[in-house]
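K.L.:
A single structure is presented below for examination.
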Amino acid sequence: MIVIDIIKEVEKYVEKQIEIYKNNADDHYDFWNEHIKYVYVESQKLAEQYGADMEIVKLGALLHDIALICKVGDREDHHINGKILAEEILRKYDYPREKMNRVLSCVYNHRSSKNATNIEDLCVADADIIAHFDNIPMLFNSAYNRNNINLNEVRSWLKAGFEKDFNDLSDRTKESFNDQYKLICKIVLGEDI
Ligand SMILES: [Fe+2]
Ligand SMILES: [Fe+2]
């Protein structure tokens, strides 16, 4: 009997889709190195900390933005389309229904920890936010190149984004992330003189 490593398979699948996206996007955006790998690592740290199911969290993190990566539907609905795509992918591997539903819940509820229905949802949603703080250069790229923010506006743009992100974290992650958050704000935003 061949035993497949579902996580390895999904990793390979997501990486392949990211490669396709990168080769076709105007800005050659690298979803893995700019975003997914951070969510993947941070969600595992939270899963460890909160005693969540590691397999569910890993698959949820890998698949949470699959609709954006595969360019299916609008950004606004990417959690809905992501859930549909994730189901199609996991079905191909005969992934058990009960576990599949829990992964799909992570994908569907990843856009705010306020939507989390269980600890695995929460790990993915919080990691999705912490991933922004892990990759500050990407935020500057987003400001200057994607949102046409001017130099004199970039500080307030980043500040608003940081505050919104921090507020979207679950209460428990807010508490553990607080010191790091304060430090990041101080260093990145500097003193507002
Ligand atoms: Fe997302
Ligand atoms: Fe994301």
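Nothing in this text is a laboratory measurement; each read-out follows from the coordinates by a stated rule. The shown structure was predicted, so the numbers you read here are calculated from the model rather than taken from an experiment. Neighbour counts run over all protein chains shown; Cβ positions are idealised from the backbone, glycine included.
K.L.:
Along segment 128-142, what does the Karplus equation 6.51 cos²θ - 1.76 cosθ + 1.60 (θ = phi - 60°) give for ³J(HN,Hα), rounded to whole Hz, x for Gly and Pro?
P.N.:
4, 7, 4, 4, 5, 6, 6, 9, 4, x, 5, 5, 5, 4, 5
K.L.:
Give me LEU183, LEU104 ranked fewest to most by other Cβ atoms within 10 Å of their Cβ, as a rough exposure proxy. It would help to have the intermediate numbers written out before the result.
P.N.:
Numbers: LEU183 11, LEU104 20.
Going from sparsest to densest Cβ surroundings: LEU183, LEU104.
K.L.:
With label points built 7 Å along Cα→Cβ from the Cα atoms of ASN33 and LYS186, find their separation and express it in nm.
P.N.:
If labels sit at ASN33 and LYS186, their model points lie 3.2 nm apart.
K.L.:
Work through the residues other than ILE130 whose Cβ is under 9 Å from its Cβ and net out their charges, Lys, Arg +1 and Asp, Glu -1.
P.N.:
Net charge in that neighbourhood comes out at -4.
K.L.:
Sticking with this structure for a sec: Anything over 20 Å Cα to Cα? Flag those among LYS12/LYS37; LYS12/LYS114; LYS8/LYS37, in the order listed. Mind showing how you got there, number by number?
P.N.:
On the way: LYS12/LYS37 13 Å; LYS12/LYS114 30 Å; LYS8/LYS37 14 Å.
Among LYS12/LYS37; LYS12/LYS114; LYS8/LYS37, the Cα-Cα distance tops 20 Å for LYS12/LYS114.
K.L.:
Okay, moving on. For a label point 7 angstrom out from the Cα of ASP26 toward its Cβ, which stretches of segment 58-82 have the backbone nitrogen within less than 17 Å?
P.N.:
Inside the label zone: 71, 75.
K.L.:
Distance in nm between label sites at GLU55 and VAL72, each 7 Å beyond Cα in the beta-carbon direction?
P.N.:
Here the modelled spin labels are 2.3 nm apart.
K.L.:
Let me ask something additional. For the chain, find the longest principal axis of its Cα atoms and tell me its angle to the long axis of helix 97-108, 0 to 90°, nearest 10.
P.N.:
20
K.L.:
Across segment 170-178, in residue order, what do the Karplus-derived ³J(HN,Hα) couplings come to in whole Hz, using 6.51 cos²θ - 1.76 cosθ + 1.60 with θ = phi - 60° and x for Gly and Pro?
P.N.:
Result, rounded to whole Hz: 5, 4, 5, 6, 3, 5, 6, 8, 3.
K.L.:
So, one more: Classify segment 1-114 as rounded, prolate or oblate, taking a ≥ b ≥ c as the square roots of the eigenvalues of its Cα gyration tensor: rounded when a/c is under 1.5, otherwise prolate if a/b is larger than b/c and oblate if not. It would help to have the intermediate numbers written out before the result.
P.N.:
Numbers: a/c = 1.43, a/b = 1.27, b/c = 1.13.
Judged from the Cα gyration tensor, segment 1-114 comes out rounded (a/c under 1.5).
K.L.:
Something else now. Among ASP77, ASP165, ASP134, which one shows the biggest mean-square fluctuation in a GNM of the chain, springs joining Cα atoms closer than 10 Å?
P.N.:
ASP77
K.L.:
A further question on this structure: Tell me the mean residue ellipticity at 222 nm calculated for the chain from its helices only (DSSP H runs of n ≥ 4, each -39500 (n - 2.57), averaged over every residue, nearest 500). Show your work: numbers first, answer last.
P.N.:
Details: 10 runs with 128 residues, N = 193.
Using -39500 (n - 2.57) per qualifying helix, the result is -21000 deg cm²/dmol.
K.L.:
Just need the Rg to Rh number for the chain, please, alpha carbons only, Kirkwood Rh.
P.N.:
Expressed as Rg/Rh, it is 0.99.
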